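Heads up: the structure comes next, in C-alpha cells.
Each value in this text was obtained by applying a stated rule to the coordinates, not by laboratory testing. Note that this is a predicted model, so its numbers are computed, not measured. Cβ coordinates were reconstructed from backbone atoms using ideal geometry, including for glycine residues, and neighbour counts include every protein chain displayed.
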Amino acid sequence: MTPWVVVVVHAPWYNTNSTHKCEGESIWKAMEELLYKARVDIVFSGHVHAYEQFTRIYDKKPNPCGPVYITIGDGGNRDGLALK
Ligand SMILES: *[C@@H]1O[C@H](CO)[C@@H](O)[C@H](O)[C@H]1NC(C)=O
C-alpha cells in the first residue's frame with residue numbers, strides 16, 4: 001500500500017559538512033526514534049548548501065532498518081555552495 005515513506009526536514013540531522021554543524025541536533029534527538037518506528041525510507045533536508053547522502057542509519061550507526069538521509073541544499077539557492 002505504501003511502498004516508500006519519505007520525510008522532509010529543514011536542517012539535516014546527519015551532516016559532515018562543517019557548515020551548520022549540529023544545528024539539527026535537538027529535533028534529531030526528539031524525533032529520530034519516531035521516524036525509525038514508522039519505517040521511514042528517506043529523509044531529505046536542505047539548509048546546508050551542499051549534497052550529501054548517508055547509508056541507512058539509526059542512532060549514528062549503519063542500520064538496515066533506518067532511513068537514508070540525503071542533504072539537497074545545493075540546488076536553487078542564491079548564496080552559492082557551502083565552502084567548508
Ligand atoms: C561542504 O559542502 C561543500 C559544497 O558541496 C563542499 O565543497 C565541501 O567540501 C563540504 N565540506 C565538507 C567538510 O564536506
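Kindly provide the helix-only [θ] at 222 nm of the chain, computed as the sum of -39,500 (n - 2.57) over DSSP H runs of four or more divided by all residues, to the nearest 500 deg cm²/dmol? Walk me through the numbers on the way to the answer.
Working: 1 runs with 13 residues, N = 84.
The per-residue figure over the chain is -5000 deg cm²/dmol.
With θ taken as phi - 60° and the coefficients 6.51, -1.76 and 1.60, list the Karplus ³J(HN,Hα) couplings across region 48-59 in order, rounded to whole Hz; mark glycine and proline as x.
Each residue of region 48-59 in turn: 7, 7, 7, 10, 7, 10, 10, 5, 4, 8, 8, 6 Hz.
Calculate, for Met1 and Ile70, the FRET efficiency according to 1/(1 + (r/R0)^6) with r their C-beta to C-beta distance and R0 30 Å; round to the nearest 0.05. Before the final figure, lay out the partial values.
On the way: r = 24 Å, r/R0 = 0.80.
It comes to 0.80.
Given R₀ = 41 Å, FRET efficiency for Asn77-Glu33 by Cβ-Cβ distance, to 0.05?
On the way: r = 31 Å, r/R0 = 0.76.
Taking R0 as 41 Å, the efficiency between Asn77 and Glu33 is 0.85.
Size of the dipole of the chain about the Cα centre, Lys and Arg at +1 and Asp and Glu at -1 on the beta carbon, nothing else charged, in debye to 20?
Dipole of the chain, to the nearest 20 debye: 140 debye.
Once label points are set 7 Å from the Cα along Cα→Cβ at both Tyr58 and Ile42, what is their separation, rounded to one decimal in nm?
It works out to 2.0 nm between the two label points.
For Cα pairs less than 8 Å apart in space and 6+ apart in sequence, what is the mean separation divided by the residue count of region 39-84, i.e. the relative contact order in percent? Spell out each step's value before the answer.
Details: 90 pairs, mean separation 20.3, N = 46.
Over region 39-84, the number comes to 44 percent.
Choose one of Pro62, Val40, Ala50: the residue whose Cα lies farthest towards the positive end of the charge dipole of the chain (beta-carbon charges +1 Lys, Arg; -1 Asp, Glu; about the Cα centre).
The listed residue farthest towards the positive side: Pro62.
On a C-alpha basis, how far is the centre of region 47-84 from the centre of region 22-39 in Å? Whole number, if you could?
Going from one Cα centre to the other spans 14 Å.
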